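Asks: This is the structure, below, for whatever I ask next.
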Amino acid sequence: MPPLNNDSPGGRRYPRNLTTYIGVIAFAIWTLGAIQWTNQDCDLPDSYRLVITHGFPNVFEGCGTQHGVNVEND
């Protein structure tokens, strides 16, 4: 497929660093999940790991015995 002509009236411009944009958005979502785990009494490094292993927390999950589901040793 030939490259799009950005000088023509119907030309479209695609971002040059689409991978970078996707990476930044993914990291932002990952960080939002980690912040939610820190609100559930988990340390920040563990929170990033928990986003990968457990996803976003529900109200019963957290680190410590005060939570219904203690994910601290998972």
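The values are calculated or read from the model by the stated rules, or taken from the named source; none is laboratory data. This is a predicted model, so every value here is computed, not measured. Every residue, glycine among them, receives a Cβ derived from its backbone with ideal geometry; neighbour counts consider all protein chains shown. Surface accessibility is based on the protein's heavy atoms, side chains included, excluding ligands, DNA and RNA. Shrake-Rupley method; radii C 1.70, N 1.55, O 1.52, S 1.80 Å.
Asks: Looking at Asn5, is it touching a Cys at 6+ places or on another chain (Cβ under 9 Å) and either at pLDDT below 90 or open to solvent by less than 80 Å² (accessible area, probe 1.4 Å) (or both)?
Replies: The answer is no for Asn5.
Yes/no per residue for (1) at pLDDT 90 or above; (2) in a loop (DSSP other than H, G, I, E, B); (3) open to solvent by 100 Å² or more (accessible area, probe 1.4 Å); (4) not small (Gly, Ala, Ser):
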| residue | (1), (2), (3), (4) |
| --- | --- |
| Pro15 | no, yes, no, yes |
| Tyr21 | yes, no, yes, yes |
| Ile25 | yes, no, yes, yes |
| Ala28 | yes, no, no, no |
| Ala34 | yes, no, no, no |
| Arg49 | yes, no, no, yes |
| Gly64 | no, yes, no, no |
| Asn73 | no, yes, yes, yes |
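Asks: How do the pairs read when you match residues in the stretch 20-47 that are on the phi > 0 side of the Ramachandran plot and of a type in the set (Asp, Glu) with residues anywhere that are surrounded by 11 or more Cβ atoms within 10 Å (Cβ to Cβ) and modelled with pLDDT under 95, using Cβ under 8 Å and keeping only pairs 6 or more apart or on different chains?
Replies: Pairs that qualify, where the first residue is on the phi > 0 side of the Ramachandran plot and of a type in the set (Asp, Glu) and the partner is surrounded by 11 or more Cβ atoms within 10 Å (Cβ to Cβ) and modelled with pLDDT under 95, are Asp41/Gly62; Asp41/Cys63; Asp41/Gly64; Asp41/His67.
Asks: Taking Phe56 and the conditions (1) hydrophobic (A, V, I, L, M, F, W, C); (2) in contact with a helix residue (DSSP H, G or I) (Cβ under 8 Å, 6 or more places away or on another chain); (3) at pLDDT below 85, which numbered condition does it fall short on, given that it satisfies the others?
Replies: (3)
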